[in-house]
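J.: Quick one: the structure is below, questions incoming.
The values are calculated or read from the model by the stated rules, or taken from the named source; none is laboratory data. Note that the structure is a prediction, hence the values are computed from the model and not measured. For neighbour counting, all protein chains shown are included, and Cβ atoms are generated from backbone atoms with ideal geometry for every residue, glycine included. What goes into the accessible areas is simple: the full protein's heavy atoms, side chains included, and nothing from ligands, DNA or RNA. Shrake-Rupley method; radii C 1.70, N 1.55, O 1.52, S 1.80 Å.
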Amino acid sequence: KAIRKKNYFYRTIILAYKKYLKIIEEQEKPEKIRKATTSNPFCLFDWIYTWEGKIYNCLYGTDIPIEFLHADPLTFKKVGSVYADKNYVYKCSFDNIVNNSYCFEKGIDGATYQVIGGNSMEYLFTKDKNHIYLEEKVLLEADVRTFKVIDFAYGKDKSNVYYRDKIIPINPTEYKIDKHGFIRDKNNIFHYEEKIEMNAITFKVLKYENDVNPFIGVFVLEDKNGIYEYNSINKAFKKI
């Protein structure tokens, strides 16, 4: 009755009711998973189903469901573009299928695996309790406790600045980054992995192609020594 009235309390009641349904769903989930069978599977989310204690990807168009090997139905979840449970991380790719099963990524702790920065679909770096990862590749030098995402595929920890999986010689405590993707300290300038041979202290961007993509294309740059043109697409750099 309260919901149908749509009065002052309507929104509060709806939110509370949705929360209530979610709690009930989580409470009932273990029993539904336990009872799931081949003929009556339980949908965990999307096209991921479980029956008889196992988990399968039943993506539309797949002739035979693909099993997530040794996966735990109770803790199975999606993390970015991969999947994880209390033990493992799974990547849905053709090179990760053995005997019609997804194998887990060795060495990654599924229980603590998470996306760093951005939202769950727009990200580059991930981590578990032991390591920082770029697309499930370990960044051996990166410090888990202090690592954070800057932007433009840059990351930093207490000791280094990274472009993707490469360390670039930028001071992690005294850097500047602009909307064009140029990162610099008092000594060096980089545009992604490309070093820009200019004076870092007097560096400025005079002109760029457009506001839609202000981080790629042709840039007109200036420092105390002159004016330069830099094409980020073909890496061409010249004084003008």
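J.: Any idea which residue in the range 181-191 is most open to solvent (accessible area, probe 1.4 Å), counting only those that are assigned to a loop (DSSP other than H, G, I, E, B) and over 19 Å from Tyr123 (Cα atoms)?
T.: The initial filter retains those residues of the range 181-191 that are assigned to a loop (DSSP other than H, G, I, E, B), namely 181, 185-188.
Now drop any that are not over 19 Å from Tyr123 (Cα atoms), which leaves 185-188.
Numbers: Asp185: 18, Lys186: 135, Asn187: 107, Asn188: 27 Å².
Among residues in the range 181-191 that are assigned to a loop (DSSP other than H, G, I, E, B) and over 19 Å from Tyr123 (Cα atoms), the one most open to solvent (accessible area, probe 1.4 Å) is Lys186.
J.: Quick test of your reading of the structure: Tyr208 fulfils all but one of (1) in contact with a Pro (Cβ under 9 Å, 6 or more places away or on another chain); (2) open to solvent by less than 50 Å² (accessible area, probe 1.4 Å). Name the failing condition by number.
T.: (2)
J.: Report yes if Asn7 is modelled with pLDDT under 95, open to solvent by 50 Å² or more (accessible area, probe 1.4 Å) and on the phi < 0 side of the Ramachandran plot, otherwise no.
T.: When the stated conditions are applied, Asn7 passes them.
J.: Do any residues in the range 159-185 that are in contact (Cβ under 8 Å) with a residue 40 or more places away in the chain have Cβ atoms under 6 Å from those of residues that are of a type in the set (Gly, Ala, Ser) and part of a loop (DSSP other than H, G, I, E, B), where the two are at least six apart or on different chains, and which pairs are they?
T.: Pairs that qualify, where the first residue is in contact (Cβ under 8 Å) with a residue 40 or more places away in the chain and the partner is of a type in the set (Gly, Ala, Ser) and part of a loop (DSSP other than H, G, I, E, B), are Arg164/Ala153.
J.: Pull up the range 211-226, narrow it to residues that are among the aliphatic types (A, V, I, L, M) and part of a loop (DSSP other than H, G, I, E, B), then point me to the one that is most open to solvent (accessible area, probe 1.4 Å). Step through it out loud before you land on a result.
T.: Taking the range 211-226 as the starting set, the residues that turn out to be among the aliphatic types (A, V, I, L, M) are 212, 216, 218, 220-221.
The next check asks that each one be part of a loop (DSSP other than H, G, I, E, B); those that pass are 212, 216.
On the way: Val212: 118, Ile216: 74 Å².
Only one residue tops the list, namely Val212.
Residue-wise test of (1) surrounded by fewer than 19 Cβ atoms within 10 Å (Cβ to Cβ); (2) more than 15 Å from the chain's Cα centre (by Cα).
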residue: Asp143; (1), (2): yes, yes
residue: Phe147; (1), (2): no, no
residue: Ile150; (1), (2): yes, no
residue: Asn160; (1), (2): no, yes
residue: Asn171; (1), (2): yes, yes
residue: Lys176; (1), (2): yes, yes
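J.: Collect the residues in the range 10-35 that are at pLDDT 80 or above and farther than 30 Å from Tyr49 by Cα, keeping them in residue-number order.
T.: The answer is Arg11, Thr12, Ile13.
J.: Output the number of the condition that Val79 fails; it satisfies all remaining conditions of (1) within 27 Å of Glu25 (Cβ to Cβ); (2) modelled with pLDDT of 95 or more.
T.: Just one mismatch for Val79, condition (2).
J.: Which residue, of Lys77, Lys19, Lys86, is in contact with a Ser or Thr (Cβ under 7 Å, 6 or more places away or on another chain) and open to solvent by 50 Å² or more (accessible area, probe 1.4 Å)?
T.: The match here is Lys86.
J.: Still on this structure, please answer the following. What's the number of the condition Asn96 fails, among (1) touching a strand residue (DSSP E or B) at 6+ places or on another chain (Cβ under 6 Å); (2) at pLDDT 95 or above; (3) not charged (D, E, K, R)?
T.: Among (1) touching a strand residue (DSSP E or B) at 6+ places or on another chain (Cβ under 6 Å); (2) at pLDDT 95 or above; (3) not charged (D, E, K, R), the lone unmet condition for Asn96 is (2).
J.: Taking Asp211 as meeting all but one of (1) at pLDDT below 95; (2) within 22 Å of the chain's Cα centre (by Cα), write down the number of the exception.
T.: Only one criterion in (1) at pLDDT below 95; (2) within 22 Å of the chain's Cα centre (by Cα) is unmet by Asp211, namely (2).
J.: Now for a different question. Considering only residues that are over 23 Å from Asp128 (Cβ atoms) and part of a strand (DSSP E or B), look in the range 48-59 and name the one that is most open to solvent (accessible area, probe 1.4 Å).
T.: Checking each candidate, the answer is Lys54.
J.: Give all pairs with beta carbons closer than 8 Å in which a residue from the range 26-54 that is more than 25 Å from Ser81 (Cβ to Cβ) meets a residue that is loosely packed, with under 14 Cβ neighbours inside 10 Å and among the polar types (S, T, N, Q); count only pairs at least 6 apart in sequence or on separate chains.
T.: Glu52/Thr37; Glu52/Thr38
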